[in-house]
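Notes to accompany the following structure.
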C-alpha cells in the first residue's frame, strides 16, 4: 500500500507535539508529571486564531454583528457591542414606551457598551433625518425628537414618565433616545410614522477611545500621558481611533464600567507586548498609493464587534484587517504586521543546524490551491449606507485551468482598495507557499516566531534563501522544531494596484414626506424665503425657526474662523475667509438693526424681505465656500503631555512657543543651538518635528556637547531629504529618504538607545555609552528660519526594588482524591491537591491522571501509486488491489515518464475511484553554463613594521594576483577589475590588470582591507575582500637609556661590515659598578628584484669602544638571524636578529660607544640590507 506523508513528533516537557498541521496548534490543557519526585508542570497553549503564515490560511469567520447593526430589533438578551473607528454603530433596542395616550412612542437604542467619541448622523432607510450640527432635518422636525448620550450616567438619565423615571440610566453605555409622534398634529395632518416605524436605521458616529502606547511615557518608545491601566486617559482621533493595531489592543485590554469588565478580554497590560503594538500601529499609519491617485493610510479598521462573537473570529478579523499575526512570545501577546522587512534578515541558518529528517513542501496540492479571492467589504457611501458589496476580485492563472476560489470578507474594512491590497497579499503569499519543517539544533534559540532568516541548505541546493519562521517551539533537550515559510518581496508589491470598486446605486424609495399636503406645509414651514416673503417675521414659531437657523449659521462661521486661526491663517485660505467674514458681518449688521430684536419671540419684526433673503443666501454660500476650502486641512500636531521642561538658548535660537526652537540668525550653518535646562539620570526621551537641517538628541554635557557633531545620541533630518542616526557625532544609520518632515524621537531606557521616526517606527538602536548617564535634551538648527516644533522631553521611571518571593507551593497525591494523601507520586495515584500556606489549608482535589479513552473509529488513508510509461496509461480499475496490477508504491527504476494516481481507503476498503494518472516527471534539462570562481594568491596582506608602526625599508610593495576561472578556463584577461580601500591610507596599485597582478603600495593607521570588485561582459562577479594588517615589532624595554637606529646600509659580503653607512653609535656612561647591559635588534629582507625565489642568511654582533677611540672591540659573540625570503607572488618574508649581553670591567663614569655590524652567511644572492635596525643599550 502507498505510504502517506509522515508526521513530525517531538516532546516539549510533558506535551507531545503531533501532526502535520503545525508545531503548536489548538488549545491544550494538561498536567505533566516527572516520575520520581513531586514535580508538577502545568502548561496551556492558546492558539489565537488562524495564521496568515499557514500553507493555506483560512478565511476569518463571519461577524453577524456587522450586518445586524443596520436593523433595529428588540432583544433584551442581545450581547454587548464594541464600536471601533468611524462607522455605523449598533442599533440594539433596549426599551420602548408609549406616552400621552399613545401619541408618542419612545425608543432607547444602545449604540455601544462603552463611551463613544461622537454620534453624528441618523438615517431612516436612505434618508438623512438628523445630524449633530443641525438637529432633526426638514419636516421631520415636526414628528421626531432626538437625544444622544455618549456615556450614560445617573446625571444624564432621560425621564419620559413614571414607569421608570430616572432609573433608565444605561450606565457607561452610549445610546440614542428617539421620540416618534404617531398621532396627528395640530393641523390634523397624519404622522409619517402612523403606519409603521422605520426598522432600517443607520446611526453613524465615532467609536471607542483607544489606548495608544505611542502616547505613553512608561512604554519604551512612547511619550505622553496615556496609561494602559487608566482608561480615562484614552483618546479617540481620526488616526488612532481607526488604527487596527490599537483596535486589537482595545479588545485585549477591554473596557470597564464602574471597575467591572464590560466588553473585551480584560487582559492585564503586563501580558501584552506593548512595544509590538507601537510598531504595528506605525505600520498601519503609513501612507500608500492608490491607483486612482493620491494616498490613504495603509490599514484602517471600522466596525462593530459583539461579545457574542467567538474570540477566535474577532481576532481573525482584526488580524485580516491589517495582514497581521498574533502570537505568544515569552508569556506576552505580540502582534506583527507582515511587511517587506526582507532586506534585513535577523540571521542565518545552515545545513549543519538541521537535525535528522526534514520535510519540504514546495507547492500546495491542487485541491488546496486558490486562484481567485473574492468577497465583500463595508461601503460607507450614502448610496450603500454600510452594506457589504463585493470588492473587485483578485485572481491569478490556475495551474490546471480550473478556477478555485476562496471567499474572504472584510467586515471591518471600509475601503475597497484596502480590501484588494489585503486579498492580493493573501493570494500572492500562496504562490510562495513552500514550507520547510525540521528539528534544528539549539543555535535556533536566538530566533523568534515571525523572524526573517536566510537559509543555506545543501541537500536542496539553497544558498541564503529567504524564509520567515511560521511556527517554532523550544524543547527542554535544546532542540528547536520549526516550520519555515517561503518569503518573497513580490508578496508586498501592491501599491497603486487596486481596481475601481463596485459602487452602490441610489435606491428608488417611497417617501411619505412627498405627499402633496405635507410637501406644501413643508414649503411654508421650512423655507426662510417664505418667512421673509411677507416682510414680517412673526412672533412665535417663525421667530424661533429664524433664530435657530441664524445661531447655527453663526456657530458654523465662528468654528471655521477659529480653525483658520489655529492653522496660522494660511495665505491660500485668505480669500475664502475674507468673503465669509464680510458676509457674516453684513448679515449680523442687518440683524442688529432689527426692532423688535430678531430673537424677541414675543413680537413681530418688520423687515425688507427681498433684501434679507438675498443677504441670507449670499452669506450662507460664502460660509459654505469657506468650509469647503478649509475642510481636511491638517493642523499642527499637539504637544505631548510629557514632563515639564525649559529651553535654554546656547547660540542663535529663540523660542516662539515653550516647545519650539527657532533659528534667528548666525548664517546657514550649524551655529543654532539650544538645550533643556533639566536632565534625567539613566533614562530619558526627547522628540520633535524637524525642518530640514535639524538635529534632536540626548547628551551628557550640554555645554561641551551643544554642537551637532558632538551630541551623544542624535537624530538628524538632513537638507538632502534623508534621516541619519548619530552616535557620539558619527553617523551610523541612514534611511527614510524622501519621507519629508516627520516627528522624530530619541529614547534611552538606561540600557538601549532607540531612534524612532513617525511612520517608520524604530529604525535603529544600540547600547548606551554608560549606565546612569545624566541626559539633557539638545537641539541644533543649520538654516536660518528653520525650526523644531512640538518638542517633548521626559524621563524614565526608577527601577523598583525586587518583590517578595512567591509562597512555596506544596503538592500531595491520592488514589481516590478523598483520603490517603501523601507527598510523593506513586503509580496508582490519580488525584493531586496543592497548598501555598505551608499546609495550613489545601485546595480542592484535581484529577491529574486521565483514564484510557475508547478506541476511535478507523480512519481513512490516502494511497498514492506510481507507474513508468512513455505514454499516458489507463486509469486503474477500482477494487483491483492496492496497488493494482502494473502499479507500485514507488516509481521504480527506468527512463520513461513517472505517472501517479491516488485513491482513499478505509479499513482496507477502497472509498473512491483511482484518479486519472498525472505525469510527475519530465525529461532531464540541458546542463547550465559553468560558473565563475575567483582565486586570490594571498588570504591577507601583512606588512612588517617597526615598533612605532612604520613600514620597514623594503617591506613594500607587496605583490599579489587575482585569477578568475570559468570552469577550468582562465578568463582573467577578460575581467574588469576595481579596487576600493577601507581608508585613504591604504593604496593598491596595478602591475598588470590583464594578468590580474596588483601590489599593496602603502598602508596607514592600523591597517584595513582592500575590496576587489570584478565584472565580465557587464555581469558582476562576487567581490573579494583582502584584509591588510601590520606586523609590528615589540617596543624596547622600559629601562633603555640609549638608542641608535641604522637605516639603508647594505650587508653584501661574507666579511663583517658596519650596518650603517654613517654610524650613529649609542654613547653611554658606565655605571658605578663599571657595567653596561645592552640589547640589539634588527630586521632585513632579501633583494626583491626579478621573478625568482630568493633568500639570505646573516649573522651579527655588537662592538664597543671608548669615546674618542678609533678601535672597536667585540661586546658579544656572533649571533645568527632568521632566514629572509622573497616570493615573487607573495612578497618579502623578512628575517630578524636579536643580540643581548652585558659587559663589565669598565671605568666608572666613562663614556662608551656601541655599534652593530653584520655579514652574509648564505643565500642565493649576495645583496641584502639591514633596515630599521635598532640597538638598545641599557646601563
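The values are calculated or read from the model by the stated rules, or taken from the named source; none is laboratory data. Just so it is clear, the structure is predicted and the values come from calculations on it, not from any experiment. Don't worry about glycine lacking a Cβ; one is built from the backbone with ideal geometry, like all the others, and counts go over all protein chains shown.
Between 795, 744, 750, 714, which is under 22 Å from residue 287 (Cα atoms) and under 26 Å from the mean Cα position of the chain (by Cα)? Reasoning before the result, please.
Values: 795 fails: under 22 Å from residue 287 (Cα atoms); 750 fails: under 22 Å from residue 287 (Cα atoms); 714 fails: under 22 Å from residue 287 (Cα atoms).
Result of the check over 795, 744, 750, 714: 744.
Does at least one position in region 918-929 carry a residue that is crowded, with 16+ Cβ neighbours inside 10 Å, in contact with a strand residue (DSSP E or B) (Cβ under 6 Å, 6 or more places away or on another chain) and in contact (Cβ under 8 Å) with a residue 12 or more places away in the chain?
Kept after step one, since they are crowded, with 16+ Cβ neighbours inside 10 Å, are these residues of region 918-929: none.
For region 918-929, residues crowded, with 16+ Cβ neighbours inside 10 Å, in contact with a strand residue (DSSP E or B) (Cβ under 6 Å, 6 or more places away or on another chain) and in contact (Cβ under 8 Å) with a residue 12 or more places away in the chain: absent.
The number of residues in region 691-715 that are surrounded by fewer than 24 Cβ atoms within 10 Å (Cβ to Cβ) and either at pLDDT 85 or above or not assigned by TED's automatic domain parsing to the domain that holds residue 782 (or both) comes to 4. Take residue 155 and decide whether it is outside any loop (DSSP other than H, G, I, E, B), surrounded by fewer than 16 Cβ atoms within 10 Å (Cβ to Cβ) and in contact (Cβ under 8 Å) with a residue 24 or more places away in the chain. For residue 155, the condition - outside any loop (DSSP other than H, G, I, E, B), surrounded by fewer than 16 Cβ atoms within 10 Å (Cβ to Cβ) and in contact (Cβ under 8 Å) with a residue 24 or more places away in the chain - is not met. Selection of region 1138-1147 for residues being touching a strand residue (DSSP E or B) at 6+ places or on another chain (Cβ under 9 Å) and either closer than 15 Å to residue 1103 by Cβ or in contact (Cβ under 8 Å) with a residue 60 or more places away in the chain (or both) yields 1139, 1140, 1141, 1142, 1143, 1144, 1146, 1147.
Remark: residue 1022 matches the filter, which requires a residue to be at pLDDT 80 or above, loosely packed, with under 12 Cβ neighbours inside 10 Å and within 56 Å of the chain's Cα centre (by Cα). Of the residues examined, residue 991 is not one that is in the same structural domain as residue 937 (by TED's automatic domain parsing) and surrounded by 18 or more Cβ atoms within 10 Å (Cβ to Cβ). Just to be sure, is residue 192 in contact with a strand residue (DSSP E or B) (Cβ under 6 Å, 6 or more places away or on another chain), over 30 Å from residue 249 (Cβ atoms) and part of a loop (DSSP other than H, G, I, E, B)? So residue 192 does not fit the description; no.
Evaluated against (1) assigned to a loop (DSSP other than H, G, I, E, B); (2) farther than 29 Å from residue 66 by Cα, residue 208 falls short on exactly one condition, (2). Touching a helix residue (DSSP H, G or I) at 6+ places or on another chain (Cβ under 9 Å) and in contact (Cβ under 8 Å) with a residue 40 or more places away in the chain: does that describe residue 257? In short, no.
State all residues of region 88-107 that are buried (at least 23 other Cβ atoms within 10 Å of the Cβ), touching a residue at least 40 places away in the same chain (Cβ under 8 Å) and part of a strand (DSSP E or B); if no residue qualifies, say none. Listed by number, the list holds a single entry, 88.
Return the residues of region 719-733 that are under 22 Å from residue 789 (Cα atoms) and either touching a strand residue (DSSP E or B) at 6+ places or on another chain (Cβ under 6 Å) or not in a loop (DSSP other than H, G, I, E, B) (or both); say none if nothing qualifies. It would help to see each step written out before you state the result.
Just the residues of region 719-733 that are under 22 Å from residue 789 (Cα atoms), to begin with: 719-726.
Those that are under 22 Å from residue 789 (Cα atoms) and either touching a strand residue (DSSP E or B) at 6+ places or on another chain (Cβ under 6 Å) or not in a loop (DSSP other than H, G, I, E, B) (or both): 722, 723, 724, 725, 726.
Filtering 917, 891, 884 for residues that are modelled with pLDDT under 90 and within 23 Å of residue 367 (Cβ to Cβ) leaves a single hit, 891. For first residues located in region 791-819 and within 13 Å of residue 829 (Cβ to Cβ), partners that are exposed (fewer than 15 other Cβ atoms within 10 Å of the Cβ) and at pLDDT below 75 and lie 6+ apart or on another chain with Cβ distances below 8 Å form the pairs 813/824; 813/826; 815/828.
Determine whether residue 311 is under 16 Å from the mean Cα position of the chain (by Cα) and either more than 17 Å from residue 115 (Cα to Cα) or buried (at least 24 other Cβ atoms within 10 Å of the Cβ) (or both). Can you show your working first?
Numbers: under 16 Å from the mean Cα position of the chain (by Cα): no; either more than 17 Å from residue 115 (Cα to Cα) or buried (at least 24 other Cβ atoms within 10 Å of the Cβ) (or both): yes.
It is false that residue 311 is under 16 Å from the mean Cα position of the chain (by Cα) and either more than 17 Å from residue 115 (Cα to Cα) or buried (at least 24 other Cβ atoms within 10 Å of the Cβ) (or both).
Selection of region 127-146 for residues being touching a helix residue (DSSP H, G or I) at 6+ places or on another chain (Cβ under 9 Å), under 30 Å from residue 231 (Cβ atoms) and part of a strand (DSSP E or B) yields only 130. Among the residues of region 158-180, those identified as buried (at least 19 other Cβ atoms within 10 Å of the Cβ) and assigned to a strand (DSSP E or B) are 174, 175, 176, 178, 180. Based on this model, can you work out whether residue 181 counts as closer than 23 Å to residue 110 by Cβ and touching a helix residue (DSSP H, G or I) at 6+ places or on another chain (Cβ under 9 Å)? Against the criterion (closer than 23 Å to residue 110 by Cβ and touching a helix residue (DSSP H, G or I) at 6+ places or on another chain (Cβ under 9 Å)), residue 181 qualifies. Of all residues in region 659-685, those satisfying the criterion of being over 21 Å from residue 794 (Cβ atoms) and in a loop (DSSP other than H, G, I, E, B) are 664, 665, 666, 667, 668, 669, 670, 671.
For region 993-1019, name all the residues that are within 20 Å of residue 952 (Cα to Cα) and assigned to a loop (DSSP other than H, G, I, E, B). Once the filter is applied, which keeps residues that are within 20 Å of residue 952 (Cα to Cα) and assigned to a loop (DSSP other than H, G, I, E, B), region 993-1019 yields 1003, 1004, 1005, 1006.
Please go through region 436-467 and pick out each residue that is in a strand (DSSP E or B) and within 11 Å of residue 482 (Cβ to Cβ).
First, pick out the residues of region 436-467 that are in a strand (DSSP E or B): 436-440, 452-457, 462-467.
Result: 436, 437, 438, 439, 440, 453, 455, 467.
So which of 971, 943, 938, 962 is surrounded by 13 or more Cβ atoms within 10 Å (Cβ to Cβ), modelled with pLDDT of 85 or more, in contact with a strand residue (DSSP E or B) (Cβ under 6 Å, 6 or more places away or on another chain) and within 30 Å of residue 1133 (Cβ to Cβ)?
Sole residue among the options that is surrounded by 13 or more Cβ atoms within 10 Å (Cβ to Cβ), modelled with pLDDT of 85 or more, in contact with a strand residue (DSSP E or B) (Cβ under 6 Å, 6 or more places away or on another chain) and within 30 Å of residue 1133 (Cβ to Cβ): 962.
Scanning region 364-389 for residues that are surrounded by fewer than 16 Cβ atoms within 10 Å (Cβ to Cβ) and closer than 21 Å to residue 425 by Cα gives 365, 366, 367, 368.
Set side by side, the residues 1107, 1062, 1083 differ, and just one is surrounded by fewer than 19 Cβ atoms within 10 Å (Cβ to Cβ) and at pLDDT 65 or above, which is 1107.
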